[in-house]
Amino acid sequence: MAWAGMGLMALVAAGIVLTGLPAFLILLTAATAGAALAVIGGTVPVSLLGALPARLINLLENDLLQALPLYVLMGVLLDRLHIGDALFRVSLRLLPRGAAAPVVSGLGLGALLGPMNGSVGASVLSLSRALEPRLRASGVPLPLRTAAIAVASTLGVVVPPSLVLILLGDAMLSAHTIAVTTTGRADRVINTQDVFHGALAPAGLFFAAALAVAWLASRNVPLHEPVEAREPITRRDILLAVVAVLALVLLLGGVATGFIFPVEGAASGACALLIAGLLTGRLRWPVLGPALAEVMAITGTLFALLIGATSLTLVLHLLGTARLIGDWLVGLPGGELTVVATVLAIIGLSAFVLDAFEIIFVVVPIVLPPLLVRVADARWVAVLVLLTLQTSFLLPPFGYALMMLRGTLKQAVPLGPLVRALAPFLIAQWTVLAVVFAMPSIVHLGEPPGDRLRTAPTLVSPQDIDKRLQEMIAPPPDITSPDLRP
């Protein structure tokens, strides 16, 4: 039945690509079909499925999930209060005139707003709405503006403290706990702040490289009617942009460096924006009502994805698919680099059809625990996963960000010019990925020496590792106890 789970995962990917149905619905359908198949085939008793409610309750009791709706609220309010618009226009005025200015401004806006947009798909929708008309009005060619919006939409994957990093940090904590318990190592278990800190240097390197690439790639593009000539910058715009940048940098920087907790930081930012909007009169009910409805819709989608993915992963464990993949990764010949490269390839292929959240909820809990059994540096693995996700979202022609952007813009972009426009950004991203892959120490900059102390991995046979993994991932044994059956 383990291979049946592999078939379920393939059906999930096909369903998301071919049907257009909500991802959470496909995940729940696959989980239901897999559970029915397991029960009919006699592999799993019906009573064992009773582990699902407790699993969901334990999942939703995580305090870190409170940050999800708060970050989404911040992103929606920034859009409704036209703060992003002011930031874009002021940055155009500050930069030298030319086609490079709107492209660089768009990347900067993506770095500020990306962490709060909720997902790559949400970033594509919001940034295409804010940037595409202005880039088009400035005369930026369609392939270059498509590449710029796509790259800006993926910055939220690697720039702390994005929702992607928050959820990946929580998934890494669970995976690392399983690995440490399985091997008996003395590692300090990774947490969300470790993922934030590890991503800072690589994210900064890529952002700087992306800005340089954008400037060099677009400096010779002839500029049509400049946006700033039609829309004069007022003192109010300048004041709003300065205050917004300072507030966002302090807030996001405080969360990323650990001085502010993610939930408290998101709550403070959302309250500040809400109060500012009410005091200035920009958030009257005709604006506030739809904004809150959008927040609820996005938040509901995220939690539905989380529930659907948790249900599917439970079924995959019951079918033995997780054990099959774990045995394969634990027994894979080669050293650490070979195993890491294999897992990154699996995640990269998944990113062609799944958004970041879906990969974190479905793929990461299955492939990372056995990987961390072989590789002790969980922070390094987490950052490599983030960089792999980002580059996979940008790979033409099937990169998730490109597919979403093509549907949003409703314009056919020739593949050749699009590849040429994206190539410099991809080379910069691959360079950063290669640097992190070859130099794990870059993700540990500023880390206290004591945090990296760990004993040498305990020599454990593959059979013992498999046994311990099963003890960690199997449902509690008392669930099927005759005394507890109705």
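Values in this text are rule-based calculations from the coordinates and carry no lab data. As the structure is a computational prediction, the values presented were derived from the model and not from experiment. Cβ coordinates were reconstructed from backbone atoms using ideal geometry, including for glycine residues, and neighbour counts include every protein chain displayed.
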Given labels modelled 7 Å from the Cα in the Cβ direction, how far is it in nm from His82 to Arg219? 3.4
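With Cβ to Cβ distances under 13 Å as the rule, what net charge do the other residues near Leu418 carry (K, R +1; D, E -1)? It would help to have the intermediate numbers written out before the result.
Working: positive: Arg145, Arg406, Arg420; negative: none.
Around Leu418, the charge tally is +3.
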Spacing of the two label points (7 Å from each Cα toward its C-beta) at Arg235 and Leu11, in nm: 6.6
Whole-Å distance linking the alpha carbon centroid of the range 1-71 with that of the range 242-274 is 34
Taking Cα atoms, how many degrees apart are the long axis of helix 142-158 and the longest axis of the chain, rounded to 10 and kept between 0 and 90? 50
Checked the range 135-227 against the a/c 1.5 cut and the a/b vs b/c comparison, axes a ≥ b ≥ c from its Cα gyration tensor; verdict prolate
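How big is the C-alpha Rg of the range 360-441 next to the rule-of-thumb value 2.2 N^0.38 Å, as a ratio?
Values: Rg = 15.6 Å, N = 82, 2.2 N^0.38 = 11.7 Å.
Expressed relative to 2.2 N^0.38 Å, the Cα Rg reads 1.33.
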Compute the angle between helix 462-473 and the longest alpha-carbon principal axis of the chain, please, reported from 0 to 90 degrees and rounded to the nearest 10. 70
I need the Debye-formula profile for the range 46-157: one equal scatterer per C-alpha, no solvent, reported as log10 I(q)/I(0) at q = 0.19 1/Å, two decimals. -0.91
Helix 415-438: angle to the longest alpha-carbon principal axis of the chain, degrees 0 to 90, nearest 10? 60
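Find how much the distance from Arg97 to Ala293 grows on full extension, using 0.36 nm per residue of separation minus their present alpha carbon separation; answer in nm with one decimal.
Details: separation 196, 0.36 × 196 = 70.56 nm, distance 3.92 nm.
So the chain would gain 66.6 nm between Arg97 and Ala293.
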Quick one: Debye curve from the alpha-carbon atoms of the range 50-473 only, equal weights, vacuum; give me log10 I(q)/I(0) at q = 0.09, 0.11, 0.12 Å⁻¹ to two decimals. -0.56, -0.83, -0.98
What's the whole-number percent of alpha carbon pairs in the range 243-294 lying beyond 12 angstrom? 67
From phi via Karplus (6.51, -1.76, 1.60), per-residue ³J(HN,Hα) for the range 85-90 in Hz, x at Gly/Pro: 5, 5, 4, 5, 5, 5
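Mind giving me the FRET efficiency for Met439 and Ala36? R0 is 41 Å, r the Cβ-Cβ distance, nearest 0.05 is fine. Mind dumping the intermediate values first?
Working: r = 48 Å, r/R0 = 1.18.
It comes to 0.25.
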Over the chain: helical MRE at 222 nm, DSSP H runs n ≥ 4 each giving -39500 (n - 2.57), nearest 500: -24000 deg cm²/dmol
Divide, for the range 250-372, the radius of gyration over alpha carbons by 2.2 N^0.38 Å, where N is the residue count. 1.50
Kindly write out, for the range 65-80 in residue order, the coupling ³J(HN,Hα) from the Karplus curve 6.51 cos²θ - 1.76 cosθ + 1.60 (θ = phi - 60°), rounded to whole Hz, with x marking Gly and Pro. 5, 5, 5, 4, x, 6, 5, 4, 4, 4, x, 5, 5, 4, 6, 5
Two-site FRET efficiency, Val243 against Thr431, from Cβ-Cβ distance with R₀ of 30 Å, rounded to 0.05: 0.25
Excluding Leu409 itself, what net charge comes from residues whose Cβ is under 12 Å from its Cβ, given Lys and Arg +1 and Asp and Glu -1? +4
